[in-house]
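Everything on this sheet refers to the single structure shown next.
None of the figures in this text is laboratory data; all of them are computed from the coordinates on show. Just so it is clear, the model here is predicted, and its values are computed rather than measured. We place every Cβ from the backbone using ideal geometry, glycine too, and count neighbours over all the protein chains shown.
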Amino acid sequence: MQSLDYQVVQRAIEWLSNGRTIWFCTVLSTFGSSPREPGSLMVATSEGNHVGSLSGGCVEEDFLERLAAGDYELPTVIVRYGAPGDSPENSRIRLPCGGLLEVLVERMVADPANLSHLEQVREALCGEKELARRVSLTDGSSWLEETERNGPRVIREEGAETVRIRVGPIARLILAGYSTVADACARFALSLGYQVVLCDPRDEITRDLELPEGVEFIPQLPSLYIGSEGACTQSTAVVAVTHDPRIDDLAMMAAVRTPASYIGVMGSMRTSQARAERLRRTGGLSEAEIERIHMPIGLNLGSKTPAEIALAIVADMVRVRRGRSPVDL
């Protein structure tokens with residue numbers, strides 16, 4: 001499965017390669033009711049072709065109408081939806097519940113510099129390092145730079161003439177072993193745009209599996225895959241929910257030696273304490289490595305069913321990816 005960000009960037013590259021001018025749009029900030037988060041992407045041409053989205057439909061329609069009318073000819077412009085006034089910067093569209101939406105619009109002509117930049121963005125989405133796009137609000141120039149591991153997708157300092165937009169690797173979920181909870185985790189993660197990989201060598205468990213479309217199945221011991229080169233990046237979550245120590249413990253031992261940003265294993269508090277002791281004694285894990293493991297896994301929602309447990313797990317993955325502390329919830 002390809003994330004929506006990847007699809008937007010790929011189509012932008014194709015249009016530039018064919019000599020077409022594009023308008024590359026990024027949601028900078030939202031307030032109140034808004035269906036897309038900061039960092040969301042859309043690309044469009046003056047003919048009305050577009051990939052991605054900024055909102056639920058009304059914003060895109062207004063933007064494309066104005067684009068066809070000849071607006072947005074500057075290298076960059078920040079368009080505000082829901083703000084008062086009537087100008088290219090303040091759209092007439094009013095969002096529900098008094099919402100506000102700011103969108104960075106970059107006009108990119110089909111030249112080698114713009115094509116090279118977006119190809120680098122595509123590589124970053126498929127790579128292993130968190131990077132950020134730095135975009136000048138004065139002349140439209142843009143470049144990539146290294147950034148911190150987690151945090152907000154968009155950083156715009158008051159009065160600054162540039163904006164920073166995170167373009168790190170596509171979020172990935174590695175499920176160490178199959179279970180009904182793993183199946184539900186896969187479905188939630190796919191709906192959030194994650195790449196999902198399920199590893200399980202147990203033929204008696206996986207022989208007749210009907211996995212959701214988009215899940216990559218690898219009939220291999222999860223710990224071997226997790227420890228392989230390039231399997232885990234800073235945007236990877238490793239989740240073990242089989243209740244089989246032969247699967248779960250080995251997966252945790254491999255995961256803590258990778259840059260994965262979320263590592264978790266299912267079990268009660270008592271089970272988790274016993275597992276921590278095993279990992280110290282037989283796995284040789286340090287206290288710092290054990291601290292990286294979320295066990296018990298997931299938010300404490302009082303979950304009972306497989307779907308509820310999966311919801312708690314994936315919600316916790318999102319919390320960590322967005323740089324939120326549990327006390328903020």
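Between E146 and S116, what's the calculated FRET efficiency when r is the beta-carbon distance and R0 is 25 Å? Round to 0.05. Intermediate values should be presented prior to the final figure.
Numbers: r = 18 Å, r/R0 = 0.73.
The pair E146/S116 has a calculated efficiency of 0.85.
Under Stokes-Einstein, with the Kirkwood radius over Cα pairs standing in for Rh, what whole-number D in µm²/s applies to the chain at 10 °C and 1.306 mPa s? All intermediate terms of the calculation are to be shown ahead of the outcome.
Values: Rh = 21.4 Å.
The Stokes-Einstein estimate is 74 µm²/s.
Could you tell me the relative contact order of the chain? Use alpha-carbon pairs under 8 Å, at least six residues apart, and round to a whole percent.
Numbers: 664 pairs, mean separation 42.1, N = 329.
Once normalised by length, the contact order is 13 percent.
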Subject >> Net length gained if the chain between A288 and L74 were fully extended (0.36 nm per residue, minus Cα distance) >> reply: 72.0 nm
Subject >> Cα gyration tensor shape for region 233-328, rounded if a/c is under 1.5, else prolate or oblate >> reply: oblate
**OP:** Could you work out how far apart the two model spin labels at F217 and L301 are, taking each label as a point 7 Å from the Cα in the direction of the beta carbon, and quote it in nm?
**Re:** 2.6 nm
Subject >> For region 306-323, 3J(HN,Hα) per residue [Karplus equation, 6.51 cos²θ - 1.76 cosθ + 1.60, θ = phi - 60°, Hz, x = Gly/Pro] >> reply: x, 5, 5, 5, 4, 4, 5, 5, 5, 4, 5, 4, 5, 4, 5, 4, 8, x
Subject >> Simple label model, 7 Å out from Cα along Cβ direction - D328 to T162, nm >> reply: 2.4 nm
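Determine, for D139, D208, D183, the number of other Cβ atoms within 10 Å of each Cβ, and report the residues in order from fewest to most. Please report the intermediate quantities before stating the final value.
Values: D139 11, D208 6, D183 20.
By the 10 Å Cβ count, ascending: D208, D139, D183.
Tell me, in nm to one decimal, what length is gained between S46 and L224 on full extension, where the rule is 0.36 nm per residue of separation less the Cα-Cα distance?
The span from S46 to L224 would gain 59.2 nm if fully extended.
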Subject >> Derived scalar couplings ³J(HN,Hα) [region 239-248; Karplus, 6.51 cos²θ - 1.76 cosθ + 1.60; whole Hz; x for Gly, Pro] >> reply: 10, 10, 9, 9, 6, 10, x, 5, 8, 5
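For region 235-276, what class follows from the C-alpha gyration tensor (a ≥ b ≥ c being the square roots of its eigenvalues): rounded when a/c is under 1.5, otherwise prolate if a/b is larger than b/c, else oblate? Write out the running numbers ahead of the final one.
Values: a/c = 1.95, a/b = 1.78, b/c = 1.10.
Prolate, since a/c reaches 1.5 and a/b exceeds b/c.
Please give me the summed charge of the neighbours of V167: other residues whose Cβ is under 11 Å from its Cβ, Lys and Arg +1, Asp and Glu -1.
Details: positive: R122, K129, R133, R134, R153, R164, R166; negative: D5, E123, E130, E145.
Within the 11 Å Cβ shell, the charges total +3.
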Original post:
Counting Lys +1, Arg +1, Asp -1, Glu -1, what net charge surrounds E277 among other residues with beta carbon under 15 Å of its beta carbon?
Top reply: 0
Original post:
To the nearest 10 degrees, how steep is helix 4-17 against the longest Cα principal axis of the chain, on a 0 to 90 scale?
Top reply: 40 degrees
Original post:
Which distance in nm do the two modelled labels at E210 and R66 give, with both placed 7 Å along the Cα-to-Cβ direction?
Top reply: 4.7 nm
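Among K129, K304, which comes first, second and so on when ranked by fewest other beta-carbon atoms within 10 Å?
Values: K129 14, K304 8.
Ordered by Cβ neighbours within 10 Å, fewest first: K304, K129.
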